[in-house]
Amino acid sequence: MKTLVKTLAAAALIAVSTFAMAAEGPGSKSAKANVNLSTADFALEHYVAVTTEGESAGVEQLFAEDFSQNIQASNVQSYSREAVVKSLKKQKGEQLNCEVSTQIIEESADYMVAKVTMKFENFSKVDLVTLVREGSNWKVSTSINSYK
């Protein structure tokens, strides 16, 4: 009887662990990577890595739920959080050939505005990024891009 109980318990344990692994799905651990966004500087540094170096860990964690991106051109283009996250995930591992500089424009205990300049060979992209504190983490809430 004890052998039967042990066999059934082992089978149940194997079944439960198999279902748990299947529920996670392939690659879900990397998608849920936890990135340190405890300071505005860490969040800004991660934003630069995501947008210019093809970093994909913590992309969803980086952007606020109400994030929006505006691109200033002949006509203003606006993108939602979902569209930007999807685009950045597709660029995983792609590194932009540009020089990057950052400048803090304004900073307080709960928000930061930074200017990220990306100098390419024939043009520059200027990205004004607003970061806000949400609980104990910092997140990017808006991004306004212009080209020169």
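What the table below lists for this structure:
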{"quantity": "Extension gain from Glu60 to Ser80, taking 0.36 nm per residue of separation minus the Cα-Cα distance", "calculated": "5.9 nm"}
{"quantity": "Semi-axis lengths (Å, descending) of the ellipsoid that matches the C-alpha gyration tensor of segment 77-123", "calculated": "23, 19, 10"}
{"quantity": "Hull shadow area, averaged, segment 36-148 [alpha-carbon convex hull, nm²]", "calculated": "6.8 nm²"}
{"quantity": "Gain in span if fully extended, Asn70 to Thr117, counting 0.36 nm per residue against the direct Cα distance", "calculated": "15.4 nm"}
{"quantity": "Peptides 117-126, 79-88, 50-59, 36-45 ordered by average Cβ neighbours within 10 Å, highest first", "calculated": "50-59, 36-45, 79-88, 117-126"}
{"quantity": "Computed E for Leu128/Lys92 - FRET, C-beta separation, R0 25 angstrom, nearest 0.05", "calculated": "0.50"}
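Taken together, the values in this text are just the output of simple stated rules run on the coordinates, not laboratory data. Just so you know, these numbers come straight off a predicted model, no measurement behind them. Heads up, the Cβs are rebuilt from the backbone with ideal geometry, glycines too, and the neighbour counts pull from every protein chain shown.
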